[in-house]
Amino acid sequence: MDLSTPPPDLYGRPRADTFFRFLTAFGDRYSPALGSPLLRRNPRRPYSRPTEALQLVVTARRRVAADVVELTLADPSGGPLPGWQPGAHLRLALPSGRERHYSLCGDPADPAERSGYRIAVRHLPDGGGGSAEIHDTLHPGTRLTARRPRNGFAFCAEPAVLFLAGGIGITPLLPMVREARRNGLDWHLVHTGRSADTLPFAAELRALDPARVHQRTDDEHGGPPTGAELLAHAPRGAAVYCCGPAPMLTAVQRALDASPAASLHFERFGAAPVTDGEPFTVRLGADGPELPVPADRSALDVLREARPDLPYSCKQGFCGTCEVRLLAGAPDHRDRRLTPERRADGALLPCVSRAAAGETLVLDL
Ligand code: FES
């Protein structure tokens, strides 16, 4: 990988240069300048720095599917929260110190929702403990912190849209569906799951437009849908927005060319399958044990078997939670976060970064 080129940002775009970054920030904060005798600050943008932590409190909790709870998080003083757009997510610091990302599933266009963020979390008994902590310990009154919402899955409001949601994958799509409906777009939603009781927000979605919402369950159809079956709902030339488990995304990607749809935007639940991986080795400290990393597994997964307390969050190379220090070896950086300077300084994100076949990465662990 060319280290002289900065990695793209969270949105997959190249980083802007300093001048244009300044210009964009200035325009965003003070727009609209024309037509006003004075430059006015955009009231939607608070003065707080983007990295400032938000103090939040759980104000409501409700069950929205068999093993899914929805939480409403508000400023403890009841004040308005920073705005967001459909597709945005919240990075939460849980009381245990774990960090997790959850899509916002409320309606950012509803003024009544400016004082509360809504997230929905499925309980994963075999997960890393984040969902279990939320289900077991977060109740009205619990305090926690979060980063301001960020959006890596922006909705472009194309004239024709197909939304494909696998189970809890409905959360980033729900605000997009509301916006598509509000804007009079030609939209359809296919929401899939194992059975009807596992589909979050099922009644709320049906109420939006029963003719455009297609709920499809494995138990009624004898198994998960094929990519072609899902894409058959696409209006001609549609943009497809998909969020679900890895097999669903793979099936949709493979069937896209033969479908009426024109483009695909997607967000994963967690780690992407390793592509072009080679087996390599990680060593814990200069004299520590050596752990083989197979071609189809991440270094993070291997490291967590030896160090179960090693933190992580996105598993996609953009949050930085899993950062470790590299003492020796030649890594293949595959993240979307670290600058060339940070990489040269020894930072490594083992959830996605790897090494060439036979290489040994010595980590400060
Ligand atoms: S877990 Fe987010 S960058 Fe590795």
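Rule-based calculations on the coordinates, nothing more; no lab input. Treat the numbers as computed from the prediction; the structure is a model and nothing was measured. Neighbour counts run over all protein chains shown; Cβ positions are idealised from the backbone, glycine included.
Side notes on the structure shown:
- Residue-wise HN-Hα couplings along the range 191-208, as the Karplus relation 6.51 cos²θ - 1.76 cosθ + 1.60 with θ = phi - 60° gives them from phi, are 10, 10, x, 5, 8, 4, 6, 9, 8, x, 6, 4, 5, 4, 5, 4, 5, 5 Hz; Gly and Pro carry x.
- Viscosity 0.692 mPa s, 37 °C: Kirkwood-radius Stokes-Einstein D of the range 280-363 over Cα pairs, µm²/s: 262
- Distance (nanometres) between label positions extended 7 Å along Cα→Cβ at GLU278 and ALA246: 2.1
- Take the Cβ atoms of ALA228 and ARG206, set R0 to 22 Å, and the FRET efficiency comes out at 0.35.
- Residues GLU359, GLU52, GLU179, sorted so that the one with the fewest Cβ neighbours within 10 Å comes first: GLU52, GLU359, GLU179
- Relative contact order computed over the range 280-363 (Cα-Cα under 8 Å; 6+ residues apart), in percent: 39
- A simple spin-label model places the labels of ALA258 and THR339 4.8 nm from each other, with each point 7 Å out along Cα-to-Cβ.
- Taking N as the residue count of the chain, its C-alpha radius of gyration divided by 2.2 N^0.38 Å amounts to 1.05.
- The distance separating the Cα centre of the range 49-112 from that of the range 155-223 comes to 21 Å.
- Subtracting the Cα-Cα distance of SER195 and LEU310 from their residue separation scaled by 0.36 nm leaves 37.9 nm.
- Within the chain, percent of DSSP bridges classed antiparallel, to nearest 5: 55
- Coil-residue trypsin sites (Lys or Arg not before Pro) of the range 225-289, DSSP, other Cβ within 10 Å capped at 14: ARG236
- For the peptides 227-233, 110-116, 335-341, 99-105, residues were scored by their other Cβ atoms within 10 Å and the scores averaged per peptide; the highest-first order is 99-105, 227-233, 335-341, 110-116.
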